[in-house]
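Beneath this line is the structure, given in structure tokens, with notes to follow.
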Amino acid sequence: MTIKPKNTTNLSDSAQVDQQSVQPFTRSQKIYVQGSRPDILVPMREVSLDVTPTDFGGEINAPVVVYDTSGPYTDPNVIIDVRKGLADVRSPWIEARGDTERLPGLSSNFGKERLADPELTKLRFAHVNNPRRAKAGGNVTQMHYARQGIITPEMEFVAIRENMKLEVARAAGLLDQQHAGYSFGASVPKIITPEFVREEIARVARSFRPTSTTPNWNR
């Protein structure tokens, strides 16, 4: 016999974010690097460095900027509410391309069955949007855009993220002793541009060719 829990309170009513995950880090601050449009904001972290001891009282070190993978988390100016979800960053970029459409609802049998199951009501969050799909005959992958010569906001975001203000550090001589790293087949320029990201995505598409070891997907 299955015993149903007495507490039927919706999870979305009681869910809270772990406060430790939204606290600012010490000795650093969240910053955003803006792209070519106001809604391209790449999160970075500016880390303060100690003063280097010298015979003349100490040398002030400039802060180091790194890519911040926490996104809006740890930003004291952003309120994180799991009941509302994070801000939708990409929808304006996707809608501006005009090659997708919103479905009126879930389309898979599995999704419809879950939606009709009253036992799952308490687990749902109201902010979840209906899925989006490509318009008939459309191709909405970043690889397709790259092969068409299009630079998307997503590509620009990646370029800014990968640069991490490297041009500033290079100009200050902070990278003179740094290992150049490995390119793994890519001709990596000193400055990562959106054009470079586009070409690399298109290059990956061109580099894939069926070989004798490639499975026969038509079998």
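The values are calculated or read from the model by the stated rules, or taken from the named source; none is laboratory data. Keep in mind that this is a model prediction, so the values were computed, not measured. Here the Cβ positions follow ideal geometry from the backbone for every residue, glycine too, while neighbour counts run over all protein chains shown. Just so you know, the surface numbers come from the protein's heavy atoms only, side chains and all, with ligands and any DNA or RNA stripped out. Shrake-Rupley method; radii C 1.70, N 1.55, O 1.52, S 1.80 Å.
Some points to look at:
- Rounded if a/c under 1.5, otherwise prolate or oblate - the range 57-172, Cα gyration tensor axes: oblate
- Rough spin-label spacing in nm, given labels placed 7 Å along Cα→Cβ, for residue 112 and residue 51: 7.1 nm
- Rough spin-label spacing in nm, given labels placed 7 Å along Cα→Cβ, for residue 26 and residue 195: 4.6 nm
- Split the accessible area of the range 17-135 by element, probe 1.4 Å, and carbon with sulfur accounts for 56%.
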